[in-house]
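Everything on this sheet refers to the single structure shown next.
The values are calculated or read from the model by the stated rules, or taken from the named source; none is laboratory data. Nothing here was measured: the structure is a model prediction, and the numbers come from that model. Quick reminder, even Gly has a Cβ in these numbers, built from the backbone with ideal geometry, and neighbours come from all protein chains shown. Just the protein is used for accessible areas: all its heavy atoms, side chains included, with ligands, DNA and RNA removed. Shrake-Rupley method; radii C 1.70, N 1.55, O 1.52, S 1.80 Å.
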Amino acid sequence: MKRKKHHTEKSRIIGLLVASFLRGRLLHRTLIIAISACLLLLFALFSLFAPSTLNKINLQTTQNNDQVRSRFHDSVFQVPAGGGSFRRDLWSSTHSRLFYGCSNAGVNFAKANAKTNPDRYLLISTSGGLNQQRTGIIDAVVAAYLLNATLVVPELDHTSFWKDTSNFSELFDTEWFITFLRNDVRIVKELPEMGGNFVAPYTVRVPRKCTPKCYEDRVLPVLVRKRAVRLTKFDYRLANMLDEDLQRLRCRVNYHALKFTDSIQGMGKLLVERMKIKSKHFIALHLRFEPDMLAFSGCYYGGGEKEKKELGEIRKRWKNLHASNPEKVRRHGRCPLTPEEVGLMLRALDFGSEVLLYVASGEIYGGEETIAPLKALFPNFHSKETIATKEELAPFVSFSSRMAALDFIVCAESDVFVTNNNGNMAKILAGRRRYLGHKVTIRPNAKKLNLLFMNRNNRTWEEFASRVRTFQVGFMGEPNELRPGSGEFTENPSACICQKNSAGGISYPLNHSNITEFQEQQEWSSEVDNNLNGTKIDSLPLIMTTDQLAEVQEFFSD
């Protein structure tokens with residue numbers, strides 16, 4: 001009986017424990033259901049009366065991107081992501097196949113072995129950075145030819161702003177330079193002993209733009225007496241206008257004899273190949289928005305006292321610079337466009353956001369904040385630092401001239417080259433691209449564009465783009481765009497550009513008297529209708545006679 005009672009007691013206790021456990025689980029489950037229901041209700045109410053957090057984040061991201069892309073708060077000026085309806089071939093110049101480089105010596109051009117005086121040696125000390133020195137080297141060969149002298153391989157400037165210690169053989173293939181020009185000028189690597197004795201060269205500095213007569217009067221008498229003369233600070237010390245044979249000698253030096261070393265050529269070729277792998281075509285932009293450039297030009301870009309102080313300190317390096325008037329400098333078209341303005345110009349010319357952009361530049365003034373709008377317009381943004389590894393660039397990075405040489409090679413090989421400042425590199429590359437096939441070279445018409453950019457908020461994008469295309473007529477690298485003989489010869493080597501006639505086969509150099517059948521068969525632009533003083537832009541020919549070109553350039557560029 002006791003055993004039965006004990007068993008019943010035990011069963012009752014177990015039952016109570018089980019019931020208690022079940023009640024606990026039920027209460028817990030009920031509590032969870034109640035909390036979940038409250039959360040669902042709160043979420044429903046929040047969704048009903050407040051915008052989604054995700055939508056807020058997406059909206060903010062879009063707004064930020066829009067601000068970076070254009071920095072315009074006026075909804076009228078909407079910059080499109082793609083190109084517009086301007087119907088032209090973006091990647092080639094009109095009829096460029098009918099023009100080619102021709103720089104062979106004429107039959108009456110005296111050979112070096114017949115004219116070189118064995119007792120005359122000319123030494124040259126160049127000045128400036130890579131491309132300024134390149135100009136000096138080119139002119140040094142011509143000067144040696146004029147003086148019937150043997151040229152000693154030029155000395156490069158190691159003390160200028162760039163502080164590059166590279167010598168000639170570390171930048172250029174010396175053996176090639178000497179061998180290629182052997183029929184024009186005798187060249188040696190160093191000044192030899194004469195008569196068993198070393199002759200110290202006599203130092204002379206000729207004036208800028210010195211003519212052949214100037215060399216005959218100022219240098220030749222000293223050279224005859226001293227036998228060795230060193231011309232110092234040799235940059236732009238030879239007249240721009242020379243006879244055709246001497247101009248062609250300049251071209252043989254510039255486009256054929258001056259070849260970068262194998263290591264520079266190899267790295268430059270690798271950069272070009274990597275750009276071509278990414279896209280069939282690409283633009284190279286010489287941005288030239290470094291602090292020294294802005295300081296030298298005397299321009300101002302709205303950075304307040306901080307900008308004025310920073311650029312003013314840099315400006316002190318050039319003691320001969322006058323006080324600048326930034327507004328006047330900008331009106332005259334001497335200020336580089338900002339990175340954003342360059343991007344807007346390219347978009348107006350029909351280049352869409354998918355286009356590959358290679359930027360040749362040093363330190364950008366203002367850093368990432370300044371360059372961000374250009375990157376937003378052209379996200380496929382590259383430089384030698386982004387397409388080459390640090391290890392690959394290590395042999396070059398400590399030498400400004402070698403780094404500039406890499407950019408020079410990529411810019412020369414690009415499908416389109418855009419120059420943002422008409423300096424030494426821009427001029428030499430423009431001339432090189434004309435000589436080697438008239439590849440598209442865009443020079444901003446800064447005089448007109450600067451005023452347009454200042455008033456852009458008052459226009460629709462369509463109006464803005466139409467005016468950009470109007471102002472760029474005559475600045476797009478088309479054949480015969482520049483009047484023969486105008487500008488620096490490095491930029492416009494007209495004596496070395498030949499043109500086929502319409503029958504094909506026969507060719508001749510461009511000069512002031514050439515107005516050919518080809519020029520008379522003018523091709524008209526397909527620009528959108530836009531009146532300018534009553535003249536529609538689509539009535540302006542891309543290929544014009546000399547007189548037409550002069551009139552258009554005077555009209556569009558002051």
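Considering each of Arg274, Arg315 in turn, give the residue that is of a type outside the set (Asp, Glu) and not assigned by the TED database to the domain that holds Asn445.
Arg315
Which one is least open to solvent (accessible area, probe 1.4 Å) among residues in the stretch 378-392 that are farther than 15 Å from Phe282 by Cα and in contact (Cβ under 8 Å) with a residue 24 or more places away in the chain?
Ala388
Restricting to the stretch 113-152, name every residue that is over 15 Å from Phe172 (Cβ atoms) and among the small types (Gly, Ala, Ser).
Selection gives Ala114, Ser125, Ser127, Gly128, Ala143, Ala144, Ala149.
Taking the conditions exactly as written (without any contact (Cβ under 8 Å) to a residue 40 or more places away in the chain and under 30 Å from Met293 (Cβ atoms)), does Arg225 satisfy them or not?
no
Before we move on, is Arg459 at pLDDT below 90 and open to solvent by 10 Å² or more (accessible area, probe 1.4 Å)?
yes
How many residues does the stretch 281-307 hold that are surrounded by 13 or more Cβ atoms within 10 Å (Cβ to Cβ) and charged (D, E, K, R)?
The total comes to 4.
Looking at Thr150, Thr179, Thr126, can you tell me which residue is among the hydroxyl-bearing types (Ser, Thr, Tyr), assigned by the TED database to the domain that holds Leu246, within 30 Å of Ile497 (Cβ to Cβ) and touching a helix residue (DSSP H, G or I) at 6+ places or on another chain (Cβ under 8 Å)?
Thr126
Would you pick out the residues in the stretch 194-208 that are open to solvent by less than 80 Å² (accessible area, probe 1.4 Å), closer than 19 Å to Leu238 by Cα and either in contact with a Phe, Trp or Tyr (Cβ under 8 Å, 6 or more places away or on another chain) or in contact (Cβ under 8 Å) with a residue 60 or more places away in the chain (or both)?
The answer is Val206, and nothing else.
In this structure, is Leu171 touching a residue at least 60 places away in the same chain (Cβ under 8 Å) and either within 24 Å of Asn113 (Cβ to Cβ) or in contact with an Asp or Glu (Cβ under 6 Å, 6 or more places away or on another chain) (or both)?
No: the conditions fail for Leu171.
When both residues are 6+ apart or on different chains and their Cβ atoms are under 8 Å apart, which pairs have a first residue that lies in the stretch 73-92 and is over 21 Å from Val416 (Cα atoms), and a second that is surrounded by 13 or more Cβ atoms within 10 Å (Cβ to Cβ) and at pLDDT below 80?
Phe77/Ser70; Gln78/Ser70; Val79/Arg69; Val79/Ser70; Val79/Phe72
I need the full set of residues from the stretch 271-280 which are touching a strand residue (DSSP E or B) at 6+ places or on another chain (Cβ under 7 Å) and open to solvent by 50 Å² or more (accessible area, probe 1.4 Å), in order please.
Within the stretch 271-280, the first condition is being touching a strand residue (DSSP E or B) at 6+ places or on another chain (Cβ under 7 Å), and the residues that meet it are 275, 278-279.
Within the stretch 271-280, Lys278 is the sole residue that qualifies.
Could you grab me the full set of residues in the stretch 261-315 that are under 17 Å from Phe381 (Cβ atoms) and either more than 16 Å from the chain's Cα centre (by Cα) or among the polar types (S, T, N, Q) (or both)?
Passing the criteria: Arg274, Lys276, Ile277, Lys278, Ser279.
Of all residues in the stretch 249-270 being open to solvent by 30 Å² or more (accessible area, probe 1.4 Å) and in contact (Cβ under 8 Å) with a residue 12 or more places away in the chain, which is nearest to Asn117 (Cα to Cα)? Walk me through it before giving the result.
Quick first cut of the stretch 249-270, residues open to solvent by 30 Å² or more (accessible area, probe 1.4 Å) only: 256, 259, 262-263, 265-266, 269-270.
Narrowing the set further to residues that are in contact (Cβ under 8 Å) with a residue 12 or more places away in the chain leaves 256, 259, 262-263, 265, 269-270.
On the way: His256: 25, Lys259: 27, Asp262: 33, Ser263: 36, Gln265: 35, Lys269: 40, Leu270: 43 Å.
Per the stated criteria, the residue is His256.
Would you pick out the residues in the stretch 144-174 that are more than 15 Å from Gln132 (Cα to Cα) and in a helix (DSSP H, G or I)? Give the derivation first.
Applying the first criterion (more than 15 Å from Gln132 (Cα to Cα)) to the stretch 144-174 yields 144-153, 165, 169-170, 173-174.
Correct list: Ala144, Tyr145, Leu146, Ser169, Glu170, Thr174.
Considering each residue of the stretch 415-431, count those that are open to solvent by 10 Å² or more (accessible area, probe 1.4 Å) and closer than 19 Å to Lys276 by Cβ, and give that number.
Here the count works out to 1.
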